[in-house]
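Here's the structure we're looking at; comments come further down.
The values are calculated or read from the model by the stated rules, or taken from the named source; none is laboratory data. These figures come from a predicted structure and were not determined experimentally. Reconstructed Cβ throughout: ideal geometry from the backbone, glycine too, with neighbour counts over all protein chains shown. The area values use the complete protein model at the heavy-atom level, side chains included, leaving out ligands, DNA and RNA. Shrake-Rupley method; radii C 1.70, N 1.55, O 1.52, S 1.80 Å.
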Amino acid sequence: MIVVTGATGNVGRTLVRILADQGHEVTAVARRITRADVPTGVQAVAADLSQPSADLPSEVDAVFLLIGGDLMMAGDPARVVAPFAGSGKIVLLSSQGVATRPESLSHGRAFAAFEQAVMDSGAEWTFLRPGGFASNAYAWASSVRATRTIAAPFGEIGLPIIDPDDIAAVAAATLTQPGHAKAIYELTGPTLITPRQRAAVIADAIGEPVTFVDQTREEARAQMLTFMPAPVADTTLDILGTPTVREQTVSPDVERILGRAATPFTGWARHNAAAFR
Ligand SMILES: NC(=O)c1ccc[n+]([C@@H]2O[C@H](COP(=O)([O-])OP(=O)(O)OC[C@H]3O[C@@H](n4cnc5c(N)ncnc54)[C@H](OP(=O)(O)O)[C@@H]3O)[C@@H](O)[C@H]2O)c1
């Protein structure tokens, strides 16, 4: 059996579907999950990973561990990992920030602590360290729908953002195939793309003009603080505004594992155009 945590999110939802389509026995975990959220044949378990839960299956073949919501900043890594310690392998969705922002409380130190807890568990492990997700563009969906505008800082700075469906595909491969023990994969999209270019891609996907509005860092920060803690917002803005060379480098890992190129932002926007109409 394979356990997928974060099963209703951007990565987990797709991962559950891939594994179920491949015929694996899957248990999908999130706090508010119901049977209606998962494909037929998949077991849904509602559990908060910050608390012990008798409902979590133990000693399973493999676990996809996603540190969702408040867990990154407020979760106790050893306690979150403990229920899965007897599993055959743990594939942790970590962050590129462990390597590129080691001093950052959120992206670097928090995920480094979860990686350490997974290593300490005794299970075989694989770490997936993605850069920024294409799905972060959902933050623009309501303004595109309402006024056909996108406001963002650092409009000319490109990053190789990744489609979360590619992360799910890599996770499925590492959960089900041998050869990934003690591997750390850095996951990016296939090319650098700036916020202004992303706005143009979304405009193409919905077939309507979209105006790009330059935001200052402070304007962007004020908006981000309405849905994320200050340390997460500050490191995210550092990455968006002053990326390191590594954060602007396309990693070969997605293509190496999947045998196909990573999905460009155009693909993500086409699949998710309905959210912006
Ligand atoms: N966005 C980026 O650019 C980026 C970059 C690098 C790394 N990451 C990392 O990727 C992860 C986010 O992935 P995502 O976008 O697929 O997630 P998401 O769409 O935000 O979904 C989070 C999932 O985790 C579940 N969850 C949240 N808190 C939980 C808890 N305490 N116990 C059990 N389940 C919980 C949520 O369901 P419920 O709310 O119902 O529990 C949901 O299924 C985070 O760890 C983030 O730090 C993100």
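Odds and ends about this structure:
- A 1.4 Å probe run over region 1-142, with the rest of the protein chains in place, finds 43 Å² accessible per residue.
- Both radii come from the Cα set of region 2-276: Rg as radius of gyration, Rh as Kirkwood radius; their ratio Rg/Rh reads 0.96.
- Our estimate of slack between Glu255 and Ala222, defined as 0.36 nm per intervening residue step minus the Cα-Cα distance, is 8.2 nm.
- Leading residue at positive end of dipole, region 2-276 (Cβ point charges), from Ala222, Ile2, Val29: Ala222
- Taking label positions 7 Å along the Cα-Cβ direction at both Glu59 and Thr40, the computed distance is 3.3 nm, reported to one decimal.
- Based on the reciprocal of the average 1/r between different C-alpha atoms, the Kirkwood radius for region 186-252 equals 13.9 Å.
- Full-extension gain in nm, Arg196 to Val245, via 0.36 nm per residue minus C-alpha separation: 15.6 nm
- When peptides 59-68, 96-105 are sorted by average Cβ neighbour count within 10 Å, with the highest value leading, the order is 59-68, 96-105.
- Linear extension gain, Ser142 paired with Thr266, 0.36 nm per residue minus alpha-carbon span: 42.7 nm
- Taking every DSSP bridge with both residues inside the chain, close to 5 percent are antiparallel.
- Surface share of carbon and sulfur [accessible, 1.4 angstrom probe, percent] for region 2-276: 51
- Dividing the summed helix terms, -39500 (n - 2.57) for each DSSP H run of n ≥ 4, by the number of residues in the chain produces a 222 nm estimate of -10000 deg cm²/dmol to the nearest 500.
- Highest mean packing comes first when the peptides 17-26, 86-95, 194-203 are listed by Cβ atoms within 10 Å, giving 86-95, 194-203, 17-26.
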